[in-house]
Amino acid sequence: MSNSKPNILLIYTGGTIGMVKDFKTGVLKAFNFNSLLNKIPELQLLDCNINTVSFKEPIDSSNMNPEYWVQIAELVETNYNEFDGFVILHGSDTMSYTASAISFMLENLSKPVVFTGSQLPIGDLRTDAKENLITSIQVASLQKNGIPVIQEVCLYFEYKLYRANRTTKINAEHFQAFDSPNYRELAESGVHLKINKKYLFKPEANKALKVHKNFNNNIALIKLFPGITKNVIESIFNTPNLKAVILETYGAGNCTTESWFINLLEQNISKGIHIINITQCSGGSVMMGHYETSSNLKSIGVISGKDITTEAAVCKLMYLLGEDISKENFKNLYEMPIRGEMM
Ligand code: ASP
């Protein structure tokens with residue numbers, strides 16, 4: 001067993017967590033992350049060595065995009081051998097998207113990558129940032145016989161550790177801002193840090209980390225509603241360079257049986273456009289063929305997103321489109337869990 005303390009890399013991308021309020025003006029501004037240890041002396045009590053690195057220009061997470069995802073993945077890649085765990089500070093608004101994207105990018109990950117953030121800035125008296133940050137670092141430091149306990153991308157917020165690609169932001173006001181409706185939490189922090197071992201992702205042993213950096217964002221996301229018009233759907237399918245469409249359908253993957261709708265989908269599938277069926281419900285799964293209102297989708301070759309979140313569905317789609325995959329394999333691969341993102 002190794003006696004040395006785990007080395008943790010803290011990556012600050014932006015968001016409320018890394019801000020302090022200017023007491024004179026009341027304006028929130030990013031603070032210098034190099035002085036983090038002075039601002040939060042509690043961090044020195046943790047049983048690990050912490051190094052920090054920050055985006056040159058920290059961003060509000062509403063400005064996130066695949067280019068920033070590549071920057072984050074490269075920070076993990078270039079520091080992978082020197083560090084035992086990674087904590088990524090990120091605005092909460094799009095954290096589930098980024099964390100899902102990073103989970104697809106990092107194939108064969110065998111170390112913890114923990115995303116966290118906060119609803120109130122770290123300098124605020126009532127902040128949730130300190131607990132989120134301190135416990136995230138503890139989670140990233142957990143080892144058993146020198147091997148990291150967590151070997152996947154996860155998200156820690158308000159006493160719960162979730163698999164990142166199962167999360168969604170559910171509240172803009174409460175400290176409990178995230179939920180994982182279709183997968184149990186990986187750990188819960190109370191008096192003790194309780195790990196739900198049987199829910200942890202087990203990567204294949206001894207495989208080298210492979211970082212995938214090609215995302216193809218020529219996709220669209222359509223949320224169906226009663227009365228949606230043919231014009232709207234047609235104009236989306238006429239988008240130049242469009243490669244795939246995610247349909248957010250009703251309940252267990254159901255939609256209108258009107259012939260104009262089904263014909264339009266069928267024509268586009270035969271042109272090579274991938275169509276993915278995910279549910280608008282926050283919990284539960286698509287089961288195509290269970291009702292008459294989804295059996296047409298199944299017979300024309302629509303891909304089932306099963307119980308995937310919208311965030312993970314978008315990121316998995318951009319990731320798979322960026323890989324060189326044949327049309328036949330695409331459906332099989334999309335319908336298979338590759339990072340624990342679906343049942
Ligand atoms: N708008 C902020 C962001 O997502 C909110 C937060 O940090 O939680 O960057």
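Each residue in the range 142-161 was checked for being touching a residue at least 40 places away in the same chain (Cβ under 8 Å) and either of a type in the set (Val, Ile, Thr) or buried (at least 24 other Cβ atoms within 10 Å of the Cβ) (or both), and 8 of them qualify.
Counted as qualifying within the range 1-64 are the strands (runs of 3 or more DSSP E) with 1 or more residues that are within 22 Å of Ile147 (Cα to Cα) and away from the ligand (no atom under 14 Å from the Cβ), namely 7-12, 49-54.
When the range 105-139 is limited to residues that are touching a His at 6+ places or on another chain (Cβ under 7 Å) and open to solvent by less than 10 Å² (accessible area, probe 1.4 Å), the one that is nearest to Glu323 (Cα to Cα) turns out to be Met105. For the residues Ala129, Ala140, Ala177, the requirement of being at pLDDT below 95 and either touching a Ser or Thr at 6+ places or on another chain (Cβ under 8 Å) or among the aliphatic types (A, V, I, L, M) (or both) singles out Ala129.
Every condition in (1) modelled with pLDDT of 95 or more; (2) part of a loop (DSSP other than H, G, I, E, B); (3) out of contact with any helix residue (DSSP H, G or I) (no Cβ under 6 Å at 6 or more places or on another chain) is met by Gly91 except one, and the failing one is (3).
For beta carbons closer than 7 Å, sequence separation of 6+ or different chains, a first residue in the range 217-229 that is of a type in the set (S, T, N, Q) and a second that is open to solvent by less than 50 Å² (accessible area, probe 1.4 Å), the qualifying pairs are Asn217/Pro66; Asn217/Met318; Asn218/Leu242. Of everything in the range 217-273 that is open to solvent by less than 60 Å² (accessible area, probe 1.4 Å), in contact with a Gly (Cβ under 9 Å, 6 or more places away or on another chain) and assigned to a loop (DSSP other than H, G, I, E, B), the residue that is nearest to Ser285 (Cα to Cα) is Ala252. Hey, could you check the range 74-93 for residues that are crowded, with 21+ Cβ neighbours inside 10 Å and farther than 24 Å from Lys144 by Cα and say which is farthest from the ligand (Cβ to nearest atom)? Taking the candidates together, the pick is Leu89. Sub-8 Å Cβ pairs linking a first residue in the range 262-280 that is over 19 Å from Leu320 (Cα atoms) to a second residue that is surrounded by fewer than 18 Cβ atoms within 10 Å (Cβ to Cβ) and of a type in the set (Lys, Arg), at least 6 apart or interchain, are Leu264/Lys230; Gln280/Lys223, ordered by first then second residue. Among the residues of the range 60-83, the ones that are among the small types (Gly, Ala, Ser) and touching a strand residue (DSSP E or B) at 6+ places or on another chain (Cβ under 6 Å) come to 1 in all. The set of residues in the range 308-335 that are outside any helix (DSSP H, G or I) and buried (at least 21 other Cβ atoms within 10 Å of the Cβ) comprises Ile308, Thr309. Suppose we keep only residues that are hydrophobic (A, V, I, L, M, F, W, C) and more than 16 Å from the ligand (Cβ to nearest atom) within the range 175-192. Which one would you say is farthest from Ala140 (Cα to Cα)? The residue in question is Val191.
The values are calculated or read from the model by the stated rules, or taken from the named source; none is laboratory data. Quantities reported herein were computed from a predicted structural model and do not represent experimental measurements. Glycine also receives a Cβ, built like all others from the backbone with ideal geometry; neighbour counts cover every protein chain displayed. When the accessible area is computed, the model is the full protein with side chains, heavy atoms only, and any ligands, DNA or RNA have been set aside. Shrake-Rupley method; radii C 1.70, N 1.55, O 1.52, S 1.80 Å.
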